[in-house]
Every structure is written in C-alpha cells, then in structure tokens.
Amino acid sequence: MIKEIEEKDIPECVQVIRNSFITVANEFGFSTDNAPRFTAFAISADRLNYQLEIEHRIMIAFCLDSGKIVGYYSLLWQDNHQCELNNLCVLPEYRHEGIGAALLHDAFDRAKKERCKKINIGIVEENQVLRKWYENQGFHHIGTKKFDFFPFTCGYMEKDL
C-alpha cells in the first residue's frame with residue numbers, strides 16, 4: 001500500500017532511508033569521514049520534519065500489509081511547474097519486487113495532479129545501475145556537478161510529464 005506519511009511515521013522513514021542508502025555508501029566506499037552529507041549519514045528526523053512542515057513536501061511510504069514501511073520518496077515543488085524527486089528508496093531485502101517502480105509511478109501521478117510538467121532527480125553519477133534504471137523509466141541525463149564535500153559526482157536527470 002502506498003500512503004502519505006504523517007509526522008508519527010518520520011522516525012521509521014528515517015530508518016528506511018538510512019538502511020536503503022547505506023548499501024550505496026558501502027558499494028562506493030562512502031563514509032561519515034569522506035561523505036558526511038551523503039543521505040545515508042545526513043538524514044534525520046529533524047530534517048524530515050522540516051521538509052514536511054516547512055517545505056510542505058509530499059512524503060510517501062510504501063507499506064506492507066503489516067504496516068511496516070519498506071519504501072519512501074518525497075517531492076519538492078519547484079518553480080516553472082517542476083518538482084524534484086528526493087530519497088526514492090526501498091529497503092534492500094524488498095528490492096526487485098516492483099516497489100521502487102510503483103513509488104516512482106505514484107510520484108509521476110502526484111506530480112501531474114499538481115500540474116508539474118517536469119520531474120528532476122539527482123543521483124550518484126558513478127552508480128550506472130541506478131542511472132540505467134531511471135533511463136528505463138523515461139528519465140534522460142542532463143549533466144553533472146562535482147562538489148568538494150562529496151567523493152563522487154552528482155548526476156542530474158529529468159523526465160517530462
């Protein structure tokens with residue numbers, strides 16, 4: 001089941017995001033020393049509360065029948081009828097079951113309802129498996145940027161809705 005999260009769901013969502021993104025950190029050698037601002041290390045309940053209450057992001061969870069949250073994403077509304085997809089993730093033990101695609105298509109539907117014409121995303125550029133997955137979902141690569149505080153290149157993708 002896909003649902004909008006409530007404030008009470010935030011601690012569980014933080015754990016889902018951390019546990020999902022740590023696999024990327026481990027695969028590419030990111031740590032709190034070389035990438036303290038990477039999602040697996042930087043996400044917190046305070047940050048998600050800010051995104052929910054101040055930025056008014058739509059925050060969505062994929063829940064099992066038991067109510068356990070196993071996937072997550074948020075949408076940040078931007079100018080020019082665009083939005084940014086953030087922290088789309090699925091717990092490692094639930095991957096390859098279509099949950100990520102279901103969440104992504106839910107994001108497309110919600111963005112369209114808000115009259116978004118384009119959805120943007122940032123990824124770890126070196127993660128070619130993830131980049132290919134997004135390309136298969138209709139995204140195209142639009143550029144990269146290197147930041148001093150990350151040991152990787154940020155890749156940027158977008159999809160017209």
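Values in this text are rule-based calculations from the coordinates and carry no lab data. Please read these numbers as outputs of a predicted model, since none were measured by experiment. Note: ideal-geometry Cβ built from the backbone for every residue, glycine included; neighbour counts use all protein chains shown.
Are there strands (runs of 3 or more DSSP E) fully within segment 64-161 with at least 3 residues that are over 27 Å from Q15 (Cβ atoms)? List them.
Numbers: elements: 69-77, 82-90, 118-124, 140-146, 153-160.
Counting at least 3 such residues, we get 140-146, 153-160.
Pick out the one residue from L161, L85 that is in contact with a Phe, Trp or Tyr (Cβ under 9 Å, 6 or more places away or on another chain) and buried (at least 19 other Cβ atoms within 10 Å of the Cβ). If you could, list the steps in order and put the result at the bottom.
On the way: L161 fails: buried (at least 19 other Cβ atoms within 10 Å of the Cβ).
Of L161, L85, the one residue that is in contact with a Phe, Trp or Tyr (Cβ under 9 Å, 6 or more places away or on another chain) and buried (at least 19 other Cβ atoms within 10 Å of the Cβ) is L85.
How about segment 37-63: which of its residues are without any contact (Cβ under 8 Å) to a residue 40 or more places away in the chain, in contact with a helix residue (DSSP H, G or I) (Cβ under 8 Å, 6 or more places away or on another chain) and either part of a loop (DSSP other than H, G, I, E, B) or among the β-branched types (V, I, T) (or both)?
Those that are without any contact (Cβ under 8 Å) to a residue 40 or more places away in the chain, in contact with a helix residue (DSSP H, G or I) (Cβ under 8 Å, 6 or more places away or on another chain) and either part of a loop (DSSP other than H, G, I, E, B) or among the β-branched types (V, I, T) (or both): S44, R57.
Of everything in segment 3-26, what is touching a residue at least 60 places away in the same chain (Cβ under 8 Å), surrounded by fewer than 19 Cβ atoms within 10 Å (Cβ to Cβ) and part of a helix (DSSP H, G or I)? Give them in sequence order.
Residues satisfying the conditions are N19, T23.
Examine segment 82-105 for a residue that is touching a Cys at 6+ places or on another chain (Cβ under 9 Å), without any contact (Cβ under 8 Å) to a residue 40 or more places away in the chain and at positive phi, and state whether such a residue exists.
no
Of all the residues that make up segment 70-82, how many are surrounded by 20 or more Cβ atoms within 10 Å (Cβ to Cβ) and either out of contact with any Lys or Arg (no Cβ under 8 Å at 6 or more places or on another chain) or of a type in the set (K, R) (or both)?
Total meeting the criteria: 4.
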